[in-house]
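**Q** Supplied in structure tokens, the structure appears directly below.
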Amino acid sequence: MTSEDLNIQFHIKQPDQALRAALQAKIDNLTKPKGSLGRLESLALQIGLIQQTLTPELRNPQNILFAGDHGIAEEGVSVAPREVTWQQVCHFTHPQGTGGVNFLCRQHGFKLKVVDAGVDYDLPKDRGIIDFKIRRGTSNFLYGAAMSEAEMERCLECGARVVEQCAAKGSNVLSFGEMGIGNTSPSSVWMSYFTGIPIEKCIGAGSGLDSAGIRHKCDVLKRAMENYSGSGSAADIIRWFGGFEMVMAVGAMLKAAEMGIIIMVDGFIMTSCMLAASQLYPAVKDYAIFGHCGDESGHKLMIEAMEAKPLLNLGLRLGEGTGAICAYPIVQSAVNMINQMDTFQGADITKYF
């Protein structure tokens, strides 16, 4: 099962590089020493190439949070009980909105979209939750595939549809988050398969495992990988070990890249989703801005393996899209720099380099 075998196909091209020289020249001629604004300059260049313009802009940012439960949680790989998934989803969508992701969305002007990808609960109908539930949690991948090929296709399609809805509202920058007890386990497995890093180095405490819990988690995931009997293709590994919310995020990232939308990548789980998406369509990474390097063990190694450069390192490991949203003001600064700073010629200042 390869990406070509999937019914849903994405058409992702690397941004046209013809504009690179003009963008770089504009950045270099702003009233500052060349390169003195560091990452803001490289971000402005990346965003200009994504949008194919010398005057990029950011419109209607939204954070899409996909939620789902995991069969592998039955093996005690998380300290948090399964019901925390639905409880947190209800918390995020409460009228007062007092979750971690809620205050950051308010602070930075993001609209929050919450998607039920596969939560093991009948969520309230009056909270604005997008109901794309595949079923009430994946199968336990210790004993077989987490989902069928048809379910994987459905996940990719649903993730793409949410992005289309956001684009219809004028959004050209999206962050992605997740909620799903046990989802660091499939993320670790994806990381190990797609980077070649031993599973032991991909595993961390998740929501708070102690050292004995981490050893147990490692043993469970090793056995699951030993039991794997699929084709070994990237698409099959994504299907066999992934969560519904994770595969929907993959589909959303791919659709965002196809539509030329900036992708703000969050922590360990969403980085693993970008890693998985890049196994199917490598050009998706050109549209990605990595918000932060989190405190989950393995995240730094995965970031390095992807040759990515995260904007922040604040010791975060909450997920939900929080780290990506925290990094958004830096992205705004990059866009403001290229649009609002004057040139040496425009300001009548001697160019000294």
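The values are calculated or read from the model by the stated rules, or taken from the named source; none is laboratory data. Because the structure is a prediction, the values reported are computed rather than measured. With ideal geometry, Cβ positions are generated from the backbone for all residues, glycine too; neighbour counts draw on all protein chains shown.
**Q** Might you check whether a residue that is more than 30 Å from Ser233 (Cα to Cα) and either of a type in the set (Val, Ile, Thr) or in contact with a Lys or Arg (Cβ under 9 Å, 6 or more places away or on another chain) (or both) occurs anywhere in region 130-151?
**A** Checking region 130-151: at least one residue is more than 30 Å from Ser233 (Cα to Cα) and either of a type in the set (Val, Ile, Thr) or in contact with a Lys or Arg (Cβ under 9 Å, 6 or more places away or on another chain) (or both).
**Q** Another question about this same structure. For region 1-92, which helices (runs of 4 or more DSSP H) that fit wholly inside it have 3 or more residues that are in contact (Cβ under 8 Å) with a residue 40 or more places away in the chain and within 21 Å of the chain's Cα centre (by Cα)?
**A** 38-51, 84-92
**Q** Sticking with this one: Contact list please: Cβ distance under 8 Å, first residue in region 181-202 and farther than 21 Å from Gln87 by Cβ, second residue among the basic types (Lys, Arg), pairs at least six apart or on different chains.
**A** Qualifying pairs under 8 Å: Ile199/Lys222.
**Q** Out of region 284-337, which residues are in a helix (DSSP H, G or I), farther than 19 Å from Met246 by Cα and in contact with a helix residue (DSSP H, G or I) (Cβ under 8 Å, 6 or more places away or on another chain)?
**A** Asp286, Leu301, Ala305, Cys326, Tyr328, Pro329, Ile330, Val331, Ser333, Ala334, Val335, Met337
**Q** If I filter region 280-298 down to residues being buried (at least 22 other Cβ atoms within 10 Å of the Cβ) and at pLDDT below 95, which single residue comes out as nearest to the chain's Cα centre (by Cα)?
**A** Filtering region 280-298 for residues that are buried (at least 22 other Cβ atoms within 10 Å of the Cβ) and at pLDDT below 95, the one nearest to the chain's Cα centre (by Cα) comes out as Gly294.
**Q** Report those helices (runs of 4 or more DSSP H) wholly inside region 132-238 carrying at least 2 residues which are crowded, with 16+ Cβ neighbours inside 10 Å and of a type in the set (Gly, Ala, Ser).
**A** Helices (runs of 4 or more DSSP H) meeting the threshold: 149-168, 184-195, 211-227.
**Q** While we're on this one: When you check Ala257 against the structure, is it crowded, with 19+ Cβ neighbours inside 10 Å, more than 21 Å from Ile134 (Cβ to Cβ) and of a type outside the set (Val, Ile, Thr), yes or no?
**A** Yes, satisfied.
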